[in-house]
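Structure first, commentary second.
The values are calculated or read from the model by the stated rules, or taken from the named source; none is laboratory data. Small disclaimer: the values here were computed from a predicted structure and weren't measured. Every residue, glycine as well, gets a Cβ built from its backbone with ideal geometry; the counts of neighbours run over all protein chains shown.
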Amino acid sequence: MMKVEPVELDGNTAIAIEVKLPKTTLLVVTTDKGYIMCGALDIGRQSFLPGAMPD
């Protein structure tokens with residue numbers, strides 16, 4: 001399940017994205033300046049990309 005909703009922060013609007021995964025929940029909040037997210041994805045390994053090579 002995926003949920004997307006606006007979040008008001010100091011008069012600006014951020015977008016919150018929540019993705020329910022089998023063993024955890026992925027949470028991302030994005031603005032026009034950047035984003036923050038939980039550590040559920042290992043960007044260094046790129047394990048979430050299709051065709052990524054296993055270790």
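Whether a residue is modelled with pLDDT of 85 or more and exposed (fewer than 10 other Cβ atoms within 10 Å of the Cβ) was assessed, and ASP42 does not pass this test.
Select from the range 1-31 the residues that are assigned to a loop (DSSP other than H, G, I, E, B), surrounded by fewer than 11 Cβ atoms within 10 Å (Cβ to Cβ) and modelled with pLDDT under 90 and list them in ascending order. Hits for the range 1-31 are MET1, ASP10, LEU21, PRO22, LYS23.
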